[in-house]
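Here is the structure we will look at, set down as structure tokens.
What follows is calculated from the coordinates using simple rules that are stated; it is not laboratory data. The structure displayed is predicted, hence computed values, not measured ones. Glycine gets a Cβ as well: all are built from the backbone with ideal geometry, and neighbour counts include every protein chain shown.
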Amino acid sequence: MHNADVCTTELDRLMYTEQMTRMPEHDLRIADRMSMAHALELRAPIMDREVCQFAARIPAAYKIQPGKLKMVLRELCRRFYPDEFVDRKKYGFGFPMARWYAGELAPFVQAIIDEGEIFETGLLRRERAQEIFDEHRARKTDHNFKIWNLINLEVWHRLFVSGQTREDVRAWLADRLGKADVSASPAAGVA
């Protein structure tokens, strides 16, 4: 989409890294899977090669300022839409992870904390993970992102540090989830 050699600012380098790693391997992939799972036809028109190349050439000062994101796109949209639409808060297809972790997935999260190999490395403290989970379940603080990261870190550790096969990790997850097979689930954590 845009050449790493022309990344002259830190913002350009960050955007290039995001564009080449997280977007294709995570954001676009999940959006595609979730839309297909619900029979929705999703399009990403701003991902057009020429649009991306043009956007990459825009000076950093026009891309982002404190408290203002997507400045050029917002100004363009003002030509066609009312300000209340252009300036409204972002919302999307969110999953109720906070509720799930405190409810029906709580036994699964507890199993990750109780049996997680990542704690044996000494990098994370099981007691602190338990405190975070207890706060989350008591609805004192929404820690769903930390819990999600913990689950994924455990999966990563089992795959790339412990050397377990994907099938073994899937089976371990399925057993903790109480399901026979999680391989079809896009939210299973193992692609």
- Query: At 222 nm, what helix-only mean residue ellipticity would the chain give, in deg cm²/dmol to the nearest 500, using -39500 (n - 2.57) for each DSSP H run of four or more?
  - Reply: -14500 deg cm²/dmol
- Note on the structure: For the stretch 22-131, listing GluC sites (Glu not before Pro) in a DSSP loop whose Cβ sees at most 11 other Cβ atoms within 10 Å gives Glu41, Glu104
- Item | Principal-axis tilt of helix 106-115 within the chain, Cα atoms, nearest 10 degrees | 70
- Task: With everything on Cα atoms, drop me the angle between helix 144-156 and the longest principal axis of the chain, reported from 0 to 90° to the nearest 10.
- Result: 70
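If you take every residue apart from Glu75 with its C-beta less than 13 Å away from the C-beta of Glu75, what net charge results, scoring Lys and Arg +1 and Asp and Glu -1?
Taking every Cβ under 13 Å from that of Glu75, the sum is +4.
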- To the nearest 20 debye, what is the magnitude of the charge dipole of the chain about its Cα centre, counting +1 on the Cβ of each Lys and Arg and -1 on the Cβ of each Asp and Glu? 680
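Kindly identify the stretch 4-86 as rounded, prolate or oblate by the Cα gyration tensor criterion: order the square roots of the eigenvalues as a ≥ b ≥ c, call it rounded if a/c is under 1.5, otherwise compare a/b with b/c, prolate if a/b is larger, else oblate.
Values: a/c = 2.11, a/b = 1.16, b/c = 1.81.
Because a/c hits 1.5 or more and a/b fails to exceed b/c, the stretch 4-86 counts as oblate.
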- Note on the structure: For the chain, longest principal axis from Cα atoms; helix 126-137 axis from its Cα atoms; angle between them, nearest 10 degrees, is 70
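Counting other beta carbons within 10 Å of each residue's own, what order do Lys70, Lys90, Lys63 fall into, fewest first? Intermediate values should be presented prior to the final figure.
Details: Lys70 14, Lys90 6, Lys63 19.
Arranged by neighbour count, lowest to highest, Lys70, Lys90, Lys63 become Lys90, Lys70, Lys63.
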- Query: At what distance in nm do the modelled label points of Thr8 and Lys70 sit from each other, each positioned 7 Å from its Cα along Cα→Cβ?
  - Reply: 2.7
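Take every Cα-Cα pair in the chain and report what % of them are more than 31 Å apart. Present the calculation step by step, with values, prior to reporting the outcome.
Values: 6630 of 18145 pairs.
Of the Cα pairs, 37 percent sit more than 31 Å apart.
How many Lys pairs in the chain lie less than 13 angstrom apart by Cα atoms, where the lysines are 8 or more positions apart or on different chains? Provide the component values of the computation, followed by the final result.
Details: Lys68/Lys89; Lys68/Lys90; Lys70/Lys89; Lys70/Lys90.
The result is 4.
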- Query: Using the Kirkwood radius built from alpha carbon pairs, what does the Stokes-Einstein equation give as D for the stretch 97-177 at 25 °C and 0.890 mPa s, in µm² per second?
  - Reply: 191
